[in-house]
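Working notes, beginning with the structure itself.
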Amino acid sequence: MKLVARLANGDAHIVEFSGGRGETEILLDGQPVSLEFQKLSGSHCLISRNGRIVDAVVHRQANQYTVILSGKTYLMELLDQRLQLAAESDTPKGVQSIKAQMPGRVVKLLKSIGDALEKNTAVLLIEAMKMQNEIRSPCRGVLAQIAVKEGQPVNTGQLLFEVK
């Protein structure tokens, strides 16, 4: 099984597991690591590596893990590599410029510069042909620029906002 481990500090590592109960072969960023696990009770276990035994407690909620090793706490998220690639594809590389698809008038700005955006977050309302249309972020990112004001007429192809 191949997963991406994303730590709370932003570091990401590719982890591959093979083997069965007890002895598990792990490739961490392509380098082999041999571990032995001994489950004690609930979320408590012992991990042995090269004769060194470490006390561990693992709490899991969905794909989020809190791991306590010898009293030190690590926060970690495990993602299937396909989910990781999908998440990365929703994050722009550089700046995404969003332009008007038809002429109209800006009715309302729903977000401000610097706001964090998820994919499909409504950023502004445009009225065109007597209908109000939400203009949404095409990706996850930060609203870097708003190029229009409320009440302003816009033309087809005119820059509305940018997402970084």
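The values are calculated or read from the model by the stated rules, or taken from the named source; none is laboratory data. Bear in mind that the values here come from a model prediction, so they are computed numbers and not experimental data. Neighbour counts are summed over all protein chains in view; Cβ atoms, including those assigned to glycine, are modelled from backbone coordinates with ideal geometry.
One table, with the values for the structure above:
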{"quantity": "Within segment 130-160, tally of residues that are among the aliphatic types (A, V, I, L, M) and free of Cβ contacts under 8 Å to residues at least 24 places away in the same chain", "calculated": "2"}
{"quantity": "Subset of segment 119-160 [in contact with an Asp or Glu (Cβ under 8 Å, 6 or more places away or on another chain), surrounded by fewer than 17 Cβ atoms within 10 Å (Cβ to Cβ) and not in a strand (DSSP E or B)]", "calculated": "119, 147"}
{"quantity": "Candidate set from segment 19-42 (those that are under 26 Å from the mean Cα position of the chain (by Cα) and either in a loop (DSSP other than H, G, I, E, B) or of a type in the set (Gly, Ala, Ser) (or both)); member that is modelled with the lowest pLDDT", "calculated": "29"}
{"quantity": "Odd one out for residue 92, checked against (1) of a type outside the set (Asp, Glu); (2) surrounded by 12 or more Cβ atoms within 10 Å (Cβ to Cβ); (3) modelled with pLDDT of 85 or more", "calculated": "(3)"}
